[in-house]
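Remarks on the structure that follows.
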Amino acid sequence: MPADVIKKIQGCTQINLRNIPKNVIAGVVVALVSIPIAIGYAQIAGLPPVYGLYGSLLPILVYSLLTSSPQFVVGIDAAPAAIVGVGLATMGVESGSEEAMAVVPVITLLAAAWLLIFRLAKAGRVVNYISTPVMGGFISGIGFTIILMQVPKLFGGGAGTGELFELLYHIGKETVHFNGLSALLGVGTVIIILVSKRLAPKFPMPVVMMGVGGLLTACLHIDTYGVKLLPDIPAGLPHFVTPHLEAFSDHHPMELIMLGLSVALVIMAQTLLATNNYAMKYNYKVNNDRELTSYAAMNLINALQGGCPVNGSVSRTGIADQFGCNSQLMSVTASAVMLLVLLFGTPLLNYMPVPVLTGIVMAALIGILDIAMAKKLWKKAKNEFFIFMMAFWGVLIFGTIYGVVIGMVLSFCAVIARAVVPPRSFLGVIPGHEGVFSLKRNRSARPVAGTVLYRFSGNLFFANINTFQDDIEQALKDDTKQVIVDARGIGSIDITAADRLVQFHDSLGKRGIRFYITEHAGLLNDQLRELGAGSLLEQGAVRRTVALALRDAGLEQPYPLEGSEPGETYDFVVEKERLAEIEWAFGEDAETWLGRMAGEAAGQIAAMTEFDEAALQTAEKGTAWGRLGLFDEDEFLDHLEARLQELAREGRMEGLNIRDVKEKIEKRRRVVEEKLRDLHPEALEMLEHHREEFERYMREKHPELFDKRGD
């Protein structure tokens, strides 16, 4: 592990003198970056700009004292601000109005109450049921919604509200207020910050752009050219207020409760997931219950000072991490800096051009669009890409509240889908080896004659019992005498599945087919008895192992194999049969992977100046897979010789004699064959056959590797 990571892990639980400077620097940078972002998000949530600064003072300090995370950063952030802003628009509350200033703290208070309820109910585990595609699509949808809201402010217009079509209409309508200088400042700010992120990720470009905007106003008076400036931001500390609970009764109470629930769910899911990701990255633990307590407390304190919901900030945590943050001294420092800003720095903020502030916020929002995840899902998992896009478009078209519902439903649908169609396979035996193996993943595995061996790797319940039964029914043949279920992956069963198992057992029995359940934990037997399926145990249909089930069915080792001649057993290895780890791991792509590993090893060998058997093993260990078993090694050596021959023809083995290398490889092959002869004397005939097949393949695909004599 790199030294800098070790130091970070060691500093996660305590503050020492060596950690202080980097945590203080990280806190200063986080505070400065938070100024424009928090101001922008506070306005999105319907509050005056100064409430963004208030939310970056006491709530952060409270969180730093209660959290179990040594490095996570909280503040006014995108998702809760968007939910509140859209909620206000839905209720017809004008952003920035006295009514908004009364309603928003009530929403924050309700979110704090929900978070406390989640803590008491130990609901932190709920995040385990929210898949990454759902959360990625949901957050991306929120980010894109806010971007569309803010687009008119880039060119001199006003922010929009509503969903996709309303926002697009509003953008078009606001073009009558288009100001060229505003557009240049706004779009230019976005481009400069995004380019800076790529070229110098640690450089606080948002702070620089904020300063540039202030200087342009002070020196060139750009406001006289139609560029809007921030309204006056009052100096001083926040005042504690009692949330206007009459706002709760003046509006639709259930709508406010659901809005608070939506905010709380997003805070819990997004912040807990991100906090635990950092914990895994740096090998420490966070306490989910303690985290929920800290979320409730920071939102309670912000509600009492009239603010909007406070959330974890992935972007600001990333900035702090880049500066080496490893303790909450960073948050304490950030709060102290914000205190100084509120006391002495607010007059400078009055010079801030709105397009520049909007550009800073929009650049931050672009950062939360999980485009990388969407690309990965499109290439690797189309079904999860569909879930991602459903969450994204759900937020964009129907709004954030419905987006939360859609996201939760999709999460549970994904869980149910995996439970309904769990991994399952048909099994066989490999001659000369104990146990049962997947017929699909092991070419040398063969079915036992007259037997269906079936593995079901998931809990059995009403939604998947049909899949279980249909798989077996389709595998039955005219000569099937017994069905044996390897149930080691079945941890529980419900009453519907238990009843169906009894019916299925009886139905097969009428057709002269025995039915067995094997290899499962004893708890499943207790469940079968409790659910009225005890007859399966009483009639001997439940056996501890596959071998005992086969024995009960009248089959003794060595078992007759499907397609074998009478009296033929697995005491010898038939042609092409082998037990190969690479084949088990990669299935149909096994040959491709062996060729790839051989290519890696050949590249290492080509760079050597001396070569012996030890060097050969070193090259083998240096591949992505590492050392191979004997069966795989023999095949690997065939691939390796072919790859080295290619390199030699290309003139890339100048430091080695190719004939000498081939002799060393041949020597190693004889060692492998000798070991195989001792362990599996029947395997050599198979190896020779495979080598002939490999040579035919290479002659067809790469005739240039063979000289005129055919060598």
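Just so it is clear, none of the values below were taken in a lab; they were calculated from the coordinates. Computed from a predicted model, the values in this text were never measured in an experiment. For neighbour counting, all protein chains shown are included, and Cβ atoms are generated from backbone atoms with ideal geometry for every residue, glycine included.
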Based on the Cβ-Cβ distance from residue 336 to residue 66, what FRET efficiency comes out when R0 is 25 Å, to the nearest 0.05?
0.90
The helix 205-220 Cα axis meets the longest alpha-carbon principal axis of the chain at an angle in degrees, between 0 and 90 and rounded to 10, of 30
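Just how large is the dipole of the chain about the Cα centre, in debye to the nearest 20, putting +1 at every Lys and Arg Cβ and -1 at every Asp and Glu Cβ?
Rounded to the nearest 20 debye, it is 1900 debye.
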Roughly speaking, what is the stretch gain from residue 177 to residue 18, that is 0.36 nm per residue apart minus the C-alpha to C-alpha distance, in nm to one decimal?
51.9 nm
Pairs of alpha-carbon atoms within less than 8 angstrom and 6+ residues apart define the contacts here; what relative contact order does region 320-463 have, in percent?
12
Stokes-Einstein D for the chain at 20 °C, 1.002 mPa s, Kirkwood Rh over Cα pairs, in µm²/s?
70
Gain upon complete extension [residue 621, residue 463; 0.36 nm per residue less C-alpha separation]:
52.3 nm
Name the residues whose placed amide hydrogens come within less than 5 Å of the amide hydrogen of residue 229, ignoring near sequence neighbours (fewer than 5 apart) on the same chain.
354
Excluding residues fewer than 8 places away in the same chain, name every one of the lysines whose C-alpha is closer than 26 Å to that of residue 621.
662, 664, 667, 675
Along Cα→Cβ, 7 Å out, is where each label goes; now give me the distance between the ones at residue 441 and residue 492 in nm to one decimal.
2.5
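Relative to the present Cα-Cα distance, how much length would full extension add between residue 350 and residue 215 at 0.36 nm per residue of separation?
Value of the extension gain: 47.5 nm.
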Cα centroids of region 190-261 and region 452-498: how far apart, whole angstrom?
59
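Under a point-charge model restricted to the Cβ atoms of Lys and Arg (+1) and Asp and Glu (-1), what is the dipole moment magnitude of region 620-673 relative to its Cα centre, in debye to the nearest 20?
In total the dipole reaches around 220 debye.
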Can you tell me the orientation of helix 98-120 relative to the chain, as the angle in degrees between its alpha-carbon axis and the longest Cα principal axis, to the nearest 10?
30
Using a Förster distance of 25 Å, how high is the FRET efficiency between residue 245 and residue 117, based on the Cβ-Cβ distance and rounded to 0.05?
0.85
Rounding to the nearest 20 debye, state how big the charge dipole of region 424-552 is about its Cα centre with +1 on each Lys and Arg Cβ and -1 on each Asp and Glu Cβ.
520
For the chain, longest principal axis from Cα atoms; helix 164-174 axis from its Cα atoms; angle between them, nearest 10 degrees, is 40
Going toward the positive end of the dipole of the chain, with +1 on Lys and Arg Cβ and -1 on Asp and Glu Cβ, which of 220, 358, 450 do you reach last?
220
Rounded to whole angstrom, the alpha-carbon centroid of region 368-419 lies from that of region 428-450 at a distance of 39
Calculated FRET value between residue 379 and residue 557, using beta carbons and R₀ = 56 Å, to 0.05:
0.75
MRE, 222 nm, helices only [DSSP H, n ≥ 4, -39500 (n - 2.57), over the chain, to nearest 500]:
-19500 deg cm²/dmol
Out of all DSSP beta bridges in the chain, what portion is antiparallel? Express it as a percent rounded to 5.
50
